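Got a structure here, written out as structure tokens. Questions coming.
The values are calculated or read from the model by the stated rules, or taken from the named source; none is laboratory data. As the structure is a computational prediction, the values presented were derived from the model and not from experiment. Here the Cβ positions follow ideal geometry from the backbone for every residue, glycine too, while neighbour counts run over all protein chains shown.
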Amino acid sequence: MARYIESVCKICRREGLKLFFKGERCYTDKCAFGRRSYAPGQHGQRRSKVSEYALQLREKQKVKRLYGLMEKQFRNVFEKADRMKGVTGENLILLLERRLDNVVYRLGFADSRKEARQLVTHGKFLLNGRVVNIPSCTTRPGDIIQVTEQGRSLAGIKRALEGGERRVVPQWLELDKEALKGTLKSIPERGDTTVPIQEQLIIELYSKV
């Protein structure tokens with residue numbers, strides 16, 4: 001499967017806001033976006049007229065990269081959201097928020113979604129008492145996510161929990177630091193996302209296809 005192997009800081013600069021791909025580093029003066037908050041490349045500082053299509057595409061790319069999905073994966077989530085009752089755009093964001101790797105990140109067990117995805121893939125978490133290694137698994141209210149015995153000794157998880165004071169655990173989740181366990185208390189609400197997203201632009205983009 002294709003994967004992005006260049007500097008992730010270029011993604012933040014391209015999208016025009018911090019996406020916190022490097023965890024704690026993004027809060028320091030070493031953050032590349034803080035030093036150069038313009039698009040990468042020799043023409044990055046140019047001001048050019050942006051078309052409606054470009055705005056829609058950039059919004060889709062931003063959300064796709066924020067949650068670490070490839071194009072086909074993102075399209076599948078969109079189609080699932082479209083089949084659900086309610087507003088498609090809100091359904092899309094809430095499905096992405098309920099992914100297991102995102103829940104692990106939002107609980108503070110990892111510094112970034114990429115790191116959370118890797119930990120889940122390596123089987124470092126239990127979902128309702130069973131090892132699950134599928135990052136895209138959709139969690140439900142009442143689900144319990146817990147670090148495995150093997151994962152308890154990992155320095156990365158300890159570091160994330162100790163240094164994650166800047167990240168607030170959302171109200172729809174509950175964290176027990178002592179037991180290294182988290183519970184999904186309810187379905188997240190649209191306002192619980194940490195990055196500004198204009199999902200209507202994504203709906204408009206896919207409606208043209």
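Do any residues in region 51-79 that are at positive phi have Cβ atoms under 9 Å from those of residues that are of a type in the set (Lys, Arg) and surrounded by fewer than 21 Cβ atoms within 10 Å (Cβ to Cβ), where the two are at least six apart or on different chains, and which pairs are they?
From residues that are at positive phi, the pairs are Gly68/Lys114.
Out of Arg152, Arg159, Arg167, Arg190, which single residue is surrounded by 15 or more Cβ atoms within 10 Å (Cβ to Cβ) and either hydrophobic (A, V, I, L, M, F, W, C) or modelled with pLDDT under 95 (or both)?
When all the criteria are applied, what remains is Arg167.
Conditions tested, residue by residue: (1) of a type outside the set (A, V, I, L, M, F, W, C); (2) surrounded by fewer than 20 Cβ atoms within 10 Å (Cβ to Cβ).
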residue: Val50; (1), (2): no, yes
residue: Met70; (1), (2): no, yes
residue: Glu79; (1), (2): yes, yes
residue: Met84; (1), (2): no, yes
residue: Leu96; (1), (2): no, no
residue: Arg99; (1), (2): yes, no
residue: Gly108; (1), (2): yes, no
residue: Arg117; (1), (2): yes, no
residue: Val120; (1), (2): no, no
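A further question on this structure: Hey, can you tell me all the residues within region 120-142 that are touching a helix residue (DSSP H, G or I) at 6+ places or on another chain (Cβ under 8 Å) and either more than 24 Å from Ser186 (Cα to Cα) or in a loop (DSSP other than H, G, I, E, B) (or both)?
Lys124, Val132, Asn133, Ile134, Pro135, Ser136, Cys137, Thr139 - these are the residues of region 120-142 that are touching a helix residue (DSSP H, G or I) at 6+ places or on another chain (Cβ under 8 Å) and either more than 24 Å from Ser186 (Cα to Cα) or in a loop (DSSP other than H, G, I, E, B) (or both).
Select, from Arg159, Arg117, the only residue that is of a type in the set (Lys, Arg), under 27 Å from Phe74 (Cβ atoms) and in a helix (DSSP H, G or I).
Arg117
Let me ask something else. When you look at Arg130, is it surrounded by fewer than 16 Cβ atoms within 10 Å (Cβ to Cβ) and either under 17 Å from Leu66 (Cβ atoms) or not assigned by TED's automatic domain parsing to the domain that holds Thr88 (or both), yes or no?
yes
Any residue in region 176-204 that is more than 15 Å from Val87 (Cβ to Cβ) sitting within a Cβ distance under 6 Å of a residue that is of a type in the set (Val, Ile, Thr)? List the pairs, counting only those 6 or more apart or interchain.
The qualifying pairs are Leu180/Val147; Gly182/Ile145; Thr183/Ile144; Leu184/Thr139.
Check region 168-175 and report whether any residue there is closer than 30 Å to Ser51 by Cβ, within 17 Å of the chain's Cα centre (by Cα) and part of a loop (DSSP other than H, G, I, E, B).
no
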